[in-house]
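Everything below concerns the one structure shown next.
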Amino acid sequence: MKTSAFVYPWDVTGDPEAPDRIAALGVHQATLASAYHSTRALTPRHPRHRIVTAEHAAVYYPADDRWTGRELRPHPAGDWAPGDAYGEAAEALRGAGLDVHTWVILAHNSRLGAEHPDTSVVNAYGDRYPWAPCIAQPATRAYLADLA
């Protein structure tokens, strides 16, 4: 059986011991977040921070040209995962002998719902769920497919 640990880039970047510590768990791969929603996460063993607050949904890598001129596009992370945090963490994890797989959150994005309310799910009573992109909408579906 192949086992994996789910990790965020901020679990690894800035902590030179993290890749070996994760590998020592006996897992064979790391499933690394590359696009995620807002969260507050604990990092109790990290030498520089104990809590990370990801303020909005973001990608943890530099977005490429496919997003140029598009209304719906991912936002880069703030200081919680700057630049190519995904790439840096993936390289460090591979250096510890782990296979790296990606973890993408698609249909949970409160920032998208705040900026583009018409992209959100609406329930049978007319209530909008601003954190839930409506995958039935072609523009939203195209955005999510490209994000994946």
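Couple of notes before you dig in:
- Förster-model FRET efficiency, 25 Å R0, T68 and A107, C-beta, rounded to 0.05: 0.60
- Mean residue ellipticity (222 nm) of the chain, computed from DSSP H runs ≥ 4 via -39,500 (n - 2.57), nearest 500: -6500 deg cm²/dmol
- Protection proxy ranking of 62-71, 38-47, 110-119, by the mean of other Cβ atoms within 10 Å over each peptide's residues and highest first, is 110-119, 38-47, 62-71.
- Förster-model FRET efficiency, 35 Å R0, N123 and D84, C-beta, rounded to 0.05: 0.40
- The chain: antiparallel DSSP beta bridges as a percent of all, rounded to 5: 45
- What the stretch 76-148 shows is 55 Å² of accessible area per residue, with the surface traced by a 1.4 Å probe over protein heavy atoms.
- Intensity falloff of the stretch 9-92 expressed as log10 I(q)/I(0), Debye formula with alpha-carbon point scatterers, at q = 0.24 Å⁻¹: -1.23
- What the pair-distance distribution of the stretch 51-148 shows, using all Cα-Cα distances binned every 10 Å from zero, is 15, 41, 30, 12, 2, 0 percent.
The values are calculated or read from the model by the stated rules, or taken from the named source; none is laboratory data. If you're wondering where the values come from, they're calculated on a predicted model, not measured in any experiment. So basically every Cβ, Gly included, is an ideal-geometry build from the backbone, and we count neighbours across all protein chains shown. Just so you know, the surface numbers come from the protein's heavy atoms only, side chains and all, with ligands and any DNA or RNA stripped out. Shrake-Rupley method; radii C 1.70, N 1.55, O 1.52, S 1.80 Å.
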